[in-house]
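Q: There's a structure below that I have some questions on.
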Amino acid sequence: MEPKRIREGYLVKRGSVFNTWKPMWVVLLEDGIEFYKKKSDNSPKGMIPLKGSTLTSPCQDFGKRMFVFKITTTKQQDHFFQAAFLEERDAWVRDIKKAIKCIEGGQKFARKSTRRSIRLPETVDLGALYLSMKDMEKGIKELNLEKDKKIFNHCFTGNCVIDWLVSNKSVRNRQEGLMIASSLLGEGYLQPAGELSKNAADGTAENPFLDNPDAFYYFPDSGFFCEENSSDDDAILKEEFRGVIIKQGCLLKQGHRRKNWKVRKFILREDPAYMHYYDPAGGEDPLGAIHLRGCVVTSVESNSDAVRKSEEENLFEIITADEVHYFLQAATPKERTEWIKAIQVASRTGK
């Protein structure tokens with residue numbers, strides 16, 4: 001009897017030989033993790049046994065990479081995976097931890113917990129705190145701040161962070177808030193903006209985080225950018241990133257020239273409505289953008305001439321107002337439906 005599939009999807013994996021980061025189709029089984037070069041491959045490139053393994057999350061071994069977790073096997077082999085966003089990483093981590101626990105206890109993996117009560121850990125849950133800070137109504141307000149003839153968009157000050165932590169009763173005092181904010185900064189949940197906060201984060205100040213009205217910070221993927229003597233072209237480009245992120249994740253995208261399929265990380269924003277796509281293995285700058293205002297998005301049947309037979313499942317197409325066609329593939333029918341609905345909403349409401 002084959003092991004049960006618990007979770008599957010695209011993650012970026014660090015190679016064990018050349019140490020390069022590449023997107024892989026990853027499958028979590030009851031007793032191990034298989035990873036494939038493509039979802040359509042019949043045999044995996046490798047398998048990680050979970051019995052006796054330990055999991056580290058968040059993993060801080062790579063300073064510029066966010067949402068990384070590490071699995072260490074009984075043979076002391078380290079395997080590093082990077083998710084596209086926080087919630088995705090935490091979902092993988094929860095299931096892997098539970099799978100390891102089930103193996104140790106000789107139990108079958110089951111999603112419904114039989115525990116009558118759940119005790120919160122004594123340590124602070126930085127991931128949950130980060131999500132609370134980003135809450136549109138009760139979280140920290142993102143502002144456009146000016147300093148040294150520069151405009152910092154979608155950011156906030158250091159003392160605003162500490163104020164929020166204290167008023168939200170997440171900490172008892174400002175000194176404790178400084179410690180928590182430094183941890184959030186170290187984990188990548190907060191990013192420094194401007195010379196003052198960057199110098200502190202780099203270790204030139206006593207504390208990596210500054211409780212200071214002149215120290216600016218921002219959330220990753222928030223649309224932050226800094227304006228200074230921008231040209232008209234730069235202003236148009238930056239306008240694309242002003243929208244609030246409403247969905248993100250990895251999809252397969254068909255190239256326009258070679259018609260080959262590659263895994264890309266997509267970030268969907270509304271008002272203005274754009275989908276930017278990135279190399280999931282690294283790089284802060286997008287590879288391209290799809291302007292969604294007035295676009296048409298539909299499912300694509302598997303017998304379409306636009307795709308190869310190996311790339312038939314869960315396809316959808318975006319046709320922009322300029323009549324540019326984009327073919328994308330989701331991992332599941334549910335995921336395809338969610339993307340189509342989100343894009344339709346953005347195309348109607350975003351400018």
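Q: Pick out which of 279, 148, 90 has the largest mean-square fluctuation in a Gaussian network model of the chain, springs linking Cα atoms closer than 10 Å.
A: Judging by the Gaussian network model, the answer is 148.
Q: Using the heavy atoms of the protein chains and a 1.4 angstrom probe, tell me the accessible area per residue for the chain in square angstrom. Walk me through the numbers on the way to the answer.
A: On the way: 20120 Å² over 351 residues.
Here the per-residue accessible area is 57 Å².
Q: Would you work out which of 50, 291, 40 lies farthest towards the positive end of the dipole of the chain? Charges go on Cβ: Lys and Arg +1, Asp and Glu -1.
A: 50
Q: Say each of residue 41 and residue 131 gets a label point 7 Å from the Cα, pointing the same way as Cα to Cβ; how far apart are those two points in nm?
A: 3.2
Q: Sticking with this one: Report the calculated FRET efficiency for residue 179 and residue 293 (r = Cβ-Cβ distance, R0 = 45 Å), to the nearest 0.05. Intermediate values should be presented prior to the final figure.
A: On the way: r = 44 Å, r/R0 = 0.99.
The value I calculate is 0.50.
Q: A 18 angstrom limit on the alpha carbon distance is what I want to check against. Which of 4/37; 150/265; 147/198; 13/265; 51/108; 13/198 exceed it? Walk me through the numbers before you get to the answer.
A: Values: 4/37 21 Å; 150/265 30 Å; 147/198 14 Å; 13/265 14 Å; 51/108 14 Å; 13/198 29 Å.
From the list (4/37; 150/265; 147/198; 13/265; 51/108; 13/198), the Cα-Cα distance tops 18 Å for 4/37; 150/265; 13/198.
Q: Please report, as a whole percent, how much of the solvent-accessible surface of segment 236-349 comes from carbon and sulfur atoms (probe radius 1.4 Å). Intermediate results must be reported in sequence, preceding the final value.
A: On the way: 2770 of 5910 Å².
Roughly 47 percent, rounded to a whole number.
Q: Taking the Cα centre as origin and putting +1 on Lys and Arg beta-carbons and -1 on Asp and Glu beta-carbons, what dipole magnitude results for the chain, to the nearest 20 debye? Let's see the in-between values first.
A: Working: 55 positive and 51 negative charges, 356 e Å.
Using only the charged Cβ atoms, the result is roughly 1720 debye.
Q: Grab every C-alpha pair in segment 236-349, bin the distances at 10 angstrom width from 0 up to the longest one, and report whole percents.
A: 14, 49, 32, 4
Q: Considering the dipole of the chain built from charges on the beta carbon (Lys and Arg +1, Asp and Glu -1) around the Cα centre, which of 71, 164, 19 is farthest to its positive end?
A: So the residue furthest toward the plus end is 71.
Q: Sticking with this structure for a sec: Which percent of the accessible area of segment 126-226 is formed by carbon and sulfur heavy atoms (probe 1.4 angstrom)? Write out the running numbers ahead of the final one.
A: Working: 2470 of 5150 Å².
Ligands and nucleic acids excluded, carbon and sulfur give 48 percent.
Q: If you don't mind, there's one more thing I want to ask. For the chain, modelled as a GNM with alpha-carbon contacts under 10 angstrom, which of 154, 256, 79 fluctuates the most?
A: Result: 256 has the largest fluctuation of those listed.
Q: Name the residue from 222, 263, 92 whose Cα lies farthest towards the positive end of the charge dipole of the chain, charges +1 on Cβ of Lys and Arg and -1 on Cβ of Asp and Glu.
A: 92
Q: Once you've got the GNM for the chain with C-alpha springs shorter than 10 Å, pick whichever of 73, 337, 20 has the biggest mean-square fluctuation.
A: 20
Q: Another question, if that's okay. Placing one identical point scatterer on every Cα of the chain and ignoring solvent, what is log10 I(q)/I(0) from the Debye formula at q = 0.08, 0.15 Å⁻¹?
A: Debye intensities relative to I(0), on a log10 scale: -0.46, -1.42.
Q: Using a Förster distance of 56 angstrom, determine the FRET efficiency expected from the C-beta separation of residue 76 and residue 284, and round it to 0.05.
A: On the way: r = 33 Å, r/R0 = 0.59.
So the FRET efficiency works out to roughly 0.95.
Q: If I histogram all Cα-Cα distances within segment 141-211 using bins 10 Å wide from 0, what percent of pairs lands in each bin?
A: Values per bin, smallest distances first: 20, 52, 26, 2.
The values are calculated or read from the model by the stated rules, or taken from the named source; none is laboratory data. Just so it is clear, the model here is predicted, and its values are computed rather than measured. Using ideal geometry, Cβ is built from the backbone for each residue, glycine included, and neighbour counts are taken over all protein chains shown. Heavy atoms of the whole protein, side chains included, go into the accessibility calculation; ligands, DNA and RNA do not. Shrake-Rupley method; radii C 1.70, N 1.55, O 1.52, S 1.80 Å.
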